[in-house]
Amino acid sequence: MVLTGHFIDADWVLQKCILTFVHVPPPRRGVDITDAIFKCLKDWGIENKIFSVSVDNALYNDICLKELKVLILRHRKLVSNGNLFHVRCCAHILNLLVQDGIGKIGKIVENVRESVKFINQSEARLQTFSQIVQQLKLSGKKLILDCPTRWNSTYQMLSVAMQFKEVFPRFQDREPSYTTLTDDDDWEKVEKVSKLLEVFNVVTNIISGSEYPIANLYLAEVFRIKLVLDQAIDDESDFMKEMAKALKEKFDKYWSQCNLVMSLASVLDPRIKMMGVNMCFPLIYPKDEARKNIENVHIALDDMYKEYVDLPSEHSEEGSGRTLVDQNGLILEPQKSSGWSLLMNYVEEQQAIPAVKSETKST
C-alpha cells in the first residue's frame with residue numbers, strides 16, 4: 001500500500017509527497033489497513049492534522065475508514081463532524097462504470113482487439129491495410145492495440161478502429177486468414193459506446209490531475225456524466241438503454257455517498273459559490289428532493305463556517321501554556337519565547353476583528 005499526503009505549504013502552493021510504502025499481507029482486513037495508516041501518521045506526527053482520506057470503493061476500505069475516523073477523533077475534532085473525512089475516489093468509480101459498459105460489448109471488443117493484433121503482427125498485412133486506406137482516401141491514426149486492464153486505452157483502440165470500419169471487410173477479401181471481422185451491427189454498438197466513453201475519458205483526465213486543485217471541478221464533471229447517462233437511457237437502441245440503466249444505478253449509489261464533499265468544494269470556489277449547486281441539483285434530483293439537498297448544503301456550509309469561527313476562541317482558552325507561532329512560522333513555547341514575541345502575539349490577537357456576518361448567508 002502506498003500512502004500519499006496532499007497539503008498546502010506556507011507559500012500557498014499545493015504539494016504532495018509519498019508518506020510510506022507498506023506491505024499489508026493477506027487477507028488485508030480493514031483493521032490491518034487502519035493500523036498501517038495510523039502508524040504512518042504517528043511516525044510523521046500528523047495524526048492531528050488530517051482533513052480527509054481518499055480511497056477506492058472497496059468494502060475493506062469502508063471498514064478501515066470507519067475505524068480510522070474513530071482514532072482521529074481522539075486526537076482532533078473533524079470538520080463537519082467527520083462527514084467529509086471519508087472521500088471515495090471519483091476516478092475509481094468512473095473506472096468501474098466504464099468497465100461495466102465495456103463488458104456489455106466484451107465479445108465485440110475482443111474481435112476488434114484480435115483484428116488490430118492480426119494486422120499489426122505482419123509488415124505485409126500493414127502495407128495491405130494502408131493501401132486500402134489510401135484507396136478510400138481515409139485519414140486517421142494508425143491502429144492502436146489496447147492494454148485490456150486500462151479502459152482508456154481500450155476506448156482509444158475502439159475510436160481509432162471506428163475510423164477504418166470500411167477497411168476491414170476489404171482487408172478480409174485480400175487476406176482470407178483474417179477471421180475476426182466485425183459486422184455493421186457491432187460497429188454501430190461500438191460507435192454508441194465510444195461516444196459515451198469519450199465523455200468519461202475527458203472527465204477522468206480532468207479529475208485525475210495532481211498538480212492543481214481539482215476538488216472544485218468534481219461537481220461540474222460528475223454532473224456531465226449524469227447528463228450523458230440520461231441521454232443514453234433515452235436512446236432508441238435497446239442495447240444502449242439497458243447498458244445506461246445499469247451504469248446509472250451505480251452512478252446514483254456513488255453520488256449519494258459523495259455529493260456533500262463535491263458540493264461544498266464547488267461552493268468554496270469564489271467564481272461559483274452556490275450557483276453550481278443551484279444549477280446541477282434540480283437536474284439530478286426530483287424537484288422536492290433537489291430543494292431539500294440544496295438546503296442540506298446550506299446547513300453544512302454554515303456549520304463548517306461556524307466551526308472555523310470558533311477555532312480562535314478555542315485556542316485562547318488554553319491559557320498561558322498554549323503554543324505560539326512567530327512571524328517565521330517557528331513554534332514558540334512561552335517559557336522559551338522572548339518578551340517581544342509574546343507581546344506581538346498578544347497585539348495580533350487584540351487587533352483581530354471577529355467576523356460579524358457570514359458570507360454563507362448571502363450566497
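How far is helix 123-135 tilted, in degrees, relative to the longest principal axis of the Cα atoms in the chain, given as a value from 0 to 90 rounded to the nearest 10?
In the chain, helix 123-135 runs at an angle near 80 degrees to the longest axis.
If the only charges are +1 at each Lys and Arg Cβ and -1 at each Asp and Glu Cβ, what is the size of the charge dipole of segment 15-75 around the Cα centre, to the nearest 20 debye?
Details: 9 positive and 7 negative charges, 27 e Å.
I would put it at about 140 debye.
What distance in nm separates the simple spin-label points at VAL13 and GLN231, each placed 7 Å from Cα in the Cβ direction?
In this crude label model, VAL13 to GLN231 measures out at 4.1 nm.
Which is farthest toward the positive dipole end of segment 93-161 among LEU126, MET157, SER139, measuring Cα position about the Cα centre, with Cβ charges +1 (Lys, Arg) and -1 (Asp, Glu)?
Going by the charge dipole, the pick is SER139.
Of all chymotrypsin sites (Phe, Trp or Tyr not before Pro) in segment 1-78, which ones are in loop regions per DSSP and have a Cβ with at most 10 other Cβ atoms within 10 Å?
Answer by residue number: TRP12.
State to the nearest 20 debye the size of the charge dipole of the chain about its Cα centre, where the only charges are +1 on K and R beta carbons and -1 on D and E beta carbons.
The calculated dipole for the chain is roughly 360 debye.
Relative contact order of segment 1-150, please, whole-number percent, based on alpha carbon pairs below 8 angstrom and at least 6 residues apart.
Numbers: 117 pairs, mean separation 22.6, N = 150.
In percent, rounded to a whole number, it is 15.
So if I take the centroid of the Cα atoms in segment 79-98 and the same for segment 161-225, what is the distance between those two points in Å?
Centre-to-centre distance over Cα atoms comes out at 25 Å.
As I understand it, the dipole of segment 170-308 uses +1 on the Cβ of Lys and Arg and -1 on the Cβ of Asp and Glu, about the Cα centre. Which of LEU181, ILE207, ILE272 lies farthest toward its positive end?
The Cα lying farthest towards the positive end belongs to ILE272.
Nearest 5 is fine: what % of DSSP beta bridges in the chain come out antiparallel, could you say? Walk me through the intermediate numbers first.
Working: 9 of 12 bridges.
Counting only bridges with both partners in the chain, antiparallel ones make up about 75 percent.
In nm, to one decimal, how far is the LYS107 label point from the ILE144 one, both placed 7 Å along Cα→Cβ?
Result: 2.7 nm between the two label points.
For ARG224, ARG271, ARG88, give the ranking by accessible area with the largest first, probe 1.4 Å.
Result, largest first: ARG271, ARG224, ARG88.
How many Å² of accessible area per residue for the chain, probe 1.4 Å?
Details: 21850 Å² over 363 residues.
Per residue, the chain has an accessible area of 60 Å².
In terms of solvent-accessible area of protein heavy atoms at a 1.4 angstrom probe, what is the ranking of THR34, THR180, highest value first?
My answer, sorted largest first, is THR180, THR34.
Taking 30 Å as the cut-off for C-alpha to C-alpha distance, list the pairs among LYS16/LYS141; LYS142/LYS253; LYS16/LYS107; LYS117/LYS245; LYS66/LYS253; LYS16/LYS273 that go past it. Intermediate results must be reported in sequence, preceding the final value.
Working: LYS16/LYS141 36 Å; LYS142/LYS253 39 Å; LYS16/LYS107 41 Å; LYS117/LYS245 32 Å; LYS66/LYS253 19 Å; LYS16/LYS273 27 Å.
The answer is LYS16/LYS141; LYS142/LYS253; LYS16/LYS107; LYS117/LYS245.
In the chain, carbon and sulfur make up what percent of the accessible area (probe 1.4 Å)?
Result for the chain: 53 percent of the exposed heavy-atom area is carbon or sulfur.
With point charges of +1 on the Cβ of Lys and Arg and -1 on the Cβ of Asp and Glu, referenced to the Cα centre of the chain, which listed residue (ILE108, ASN296, ILE72) lies farthest in the positive direction of the dipole?
ILE108
With the crude spin-label approximation of a point 7 Å out along Cα→Cβ, what separation in nm comes out for GLN127 versus GLN163?
It works out to 2.3 nm between the two label points.
Please check which bits of segment 232-248 a label hung off ASP185 would reach, taking the label as a point 7 Å along Cα-to-C-beta and the cut-off as backbone N under 18 Å.
What the label zone holds, given the 18 Å backbone N cut-off, is 236-243.
So how tilted is helix 90-103 from the main axis of the chain? Cα-based, degrees 0 to 90, rounded to 10.
Computed tilt is about 20 degrees.
Can you tell me which of 262-270, 122-130, 244-252 comes out highest on packing, and rank the rest after it, using the mean Cβ neighbours within 10 Å? The partial results should precede the final answer.
Details: 262-270: 19.2, 122-130: 13.7, 244-252: 16.8.
Packing proxy ranking, top to bottom: 262-270, 244-252, 122-130.
The values are calculated or read from the model by the stated rules, or taken from the named source; none is laboratory data. Nothing here was measured: the structure is a model prediction, and the numbers come from that model. Heads up, the Cβs are rebuilt from the backbone with ideal geometry, glycines too, and the neighbour counts pull from every protein chain shown. Side chains included, ligands, DNA and RNA excluded: accessible areas come from the protein's heavy atoms. Shrake-Rupley method; radii C 1.70, N 1.55, O 1.52, S 1.80 Å.
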